[in-house]
Amino acid sequence: MVKSRALDAGDRVPMNSLKNRSVGGQTNVHRSSMVIFTATLVGRVAGFARELAMAQYFGTSGAMDAWLMASVIPNLLFGAVNATLSATVVPVWVKSERNRSVVTASQQAFLDKLTTLTVVVGGVLVGIGEVPAGPLLHLVAPGFDCTRLSLATTMTRMMLSTLLFWSVAGVFSGALQARESYALAALTPLAVNCVRILTIVVLGPVL
């Protein structure tokens, strides 16, 4: 029969230490929340600025309509891949983080395999989407004439390749979030919108 023993001085945990841990954890949560909130808000503002830039340079032209329809299929595929990665990377990584000293090598191996798998699957999806882009767009935008449908098909095939890069970025974002590093992942939309705005401003006048 196992007898319980009283805690001696070396076993006792000071209440101040527990309070400090609690306060420190709450501080980290508040700081992370503020980082995500601020980055998301700034990213949304940059997205609004991107829409204003597009309206300024392209307005309601046929090219604008073609671009909007061309972005439907890549966005659908990216949403499916991103949701899968978010449901895979973060839970598995967080679980392994509970004992870092033992599973660090396993974490890296898991990330390497997942990145490779993402590249392969993303490449296959891009290849599959390239072929039926025209018929799929005809279903999405049945009212397009031949000129706009052809332009939208070309744009779709160009934008499908970005699915590969977005998928890999999703893997790394999930890994960063699991390691409680939220700033870089949250700032990704801001960086993307800034690049898009710069592209519109530079190339818009010559298109």
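The values are calculated or read from the model by the stated rules, or taken from the named source; none is laboratory data. Owing to the predicted nature of the structure, the values given are computational and were not obtained by experimental measurement. Note that each Cβ is placed from the backbone with ideal geometry, even for glycine, and that neighbours are counted across all protein chains shown.
Figures for the structure shown
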{"quantity": "Any chance Ala46 is closer than 27 Å to His138 by Cβ, at pLDDT 80 or above and assigned to a helix (DSSP H, G or I)", "calculated": "no"}
{"quantity": "Qualifying residue in region 175-188 (condition: modelled with pLDDT of 80 or more, within 27 Å of Thr115 (Cβ to Cβ) and not small (Gly, Ala, Ser))", "calculated": "yes"}
{"quantity": "Contacts under 7 angstrom Cβ, first residue in region 57-81 being over 16 Å from Gly134 (Cα atoms) and in contact (Cβ under 8 Å) with a residue 12 or more places away in the chain, partner of a type in the set (D, E, K, R) and part of a helix (DSSP H, G or I), 6 or more apart", "calculated": "Gly62/Arg148"}
{"quantity": "Region 142-162: number of residues that are surrounded by fewer than 18 Cβ atoms within 10 Å (Cβ to Cβ), not acidic (Asp, Glu) and not in a helix (DSSP H, G or I)", "calculated": "3"}
